[in-house]
1. Which entries in the list Lys199/Lys260; Lys151/Lys263; Lys40/Lys151 go over 28 Å, if you measure between the two C-alpha atoms of each?
2. Nearest 20 debye, what's the magnitude of the dipole of segment 47-114 about its Cα centre given +1 on Lys and Arg Cβ and -1 on Asp and Glu Cβ?
3. Accessible area per residue of the chain at 1.4 Å probe, in Å²?
4. By accessible area of protein heavy atoms, probe 1.4 Å, what ranking do Asp142, Asp62, Asp98 get, highest first?
5. For n ≥ 4 DSSP H runs only, could you compute -39500 (n - 2.57) per run for the chain, divide by its residues and tell me the 222 nm figure to the nearest 500?
6. Using the Cα centre of the chain as the reference point, and only Cβ charges (+1 on K/R, -1 on D/E), how large is the resulting charge dipole? Debye, rounded to the nearest 20.
7. Quick check: at a probe of 1.4 Å, how many percent of the accessible area of segment 154-271 sits on carbon and sulfur atoms?
8. Which length gain, in nm to one decimal place, applies between Ser232 and Ala17 when the Cα-Cα distance is subtracted from 0.36 nm times their residue separation?
Amino acid sequence: MSSLTAATMSQMRFHCAEDTIKINALLRVGYDSDLSDAGKLVCFYARQLEGTPYVAHTLEGDTEKLTINVDQLDCTTFIETLYALSRTTLERRYSWRDYARNLENLRYRGGVMGDYSSRLHYISDWISDNRSRGNLVEVTPDVPHSKYIVKTINFMSTHADSYHSLKNDSAMVAKIRGYESAYRNHRMPLLPKSWLLNKDVEKVLHEGDFVGLMTTTTGLDISHLGIIVKDSDGHFHLLDASMSGGKVMEEQPTLFQQLKGYKSNMGIRVFRLR
């Protein structure tokens, strides 16, 4: 596989001059760990990133670029970073250019960055596109007590003023609306949060699985992302880039306890690196 990313240097946006050095160092540590299990690698890199400050909207700008930033993470860029680090390590590579290629391959429709609309903004779209290209596996339908729900996803086009790149661009809104049309009355799997303490469920889900928190918000599918880690009793916790905690951290309540108090949460979707 080529080590070159489709995005050129001029199409990339770095947080600082040390970004490539930091990514190379992370990849070297991961490479030297000799871990070959995808879930264990995801957890390994998540622990390396613990304490990283939570910063939102790092991907936004006047022009779409492949943003590379391991110093500031939100819940989505945290998961993307874990994927790109783990995928690169599984390929037995340790160059930031391979990381960049894998990041682009995950973040954009068909694996190629174009304009703002080419970014996979909705997690349902992100899962579907990456699953079709062999990057991710959806686990949710195979989890005991999972079910399907139907929901229309159109939050971005119906709240265009909330997005910098859509606010004054009717053509871009139309593009987004076109992609949303594939998710009208969309059927998606869900594990209701009431089952998170079930022993059969705990046996199926693995540490390092990616978790999407399903929301009741009209037009939206998933409101937050993290990974599963387990305590000594085998109960799930969320390790995430936490807005309330201000950093990448392991949430101390169990995932069941955490979601129990969220009236806007219906449950979770689970997917993992193939």
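The values are calculated or read from the model by the stated rules, or taken from the named source; none is laboratory data. The model shown is predicted, which means the values in this text are computed figures rather than measured ones. Methodologically, a virtual Cβ is constructed for each residue, glycine included, from the backbone with ideal geometry; neighbour enumeration extends over all protein chains shown. Ligands, DNA and RNA are stripped out before the accessible areas are found, and what is left, the full protein with its side chains, is counted by its heavy atoms. Shrake-Rupley method; radii C 1.70, N 1.55, O 1.52, S 1.80 Å.
1. The pairs that break the limit, which is 28 Å between Cα atoms, are Lys40/Lys151.
2. Using only the charged Cβ atoms, the result is roughly 400 debye.
3. Roughly 44 Å² per residue, with all protein chains present.
4. The ordering from most to least exposed comes out as Asp62, Asp142, Asp98.
5. Theoretical 222 nm ellipticity from helices: -10000 deg cm²/dmol.
6. My answer is approximately 640 debye.
7. 50 percent
8. The Ser232-Ala17 span can extend by a further 73.4 nm.
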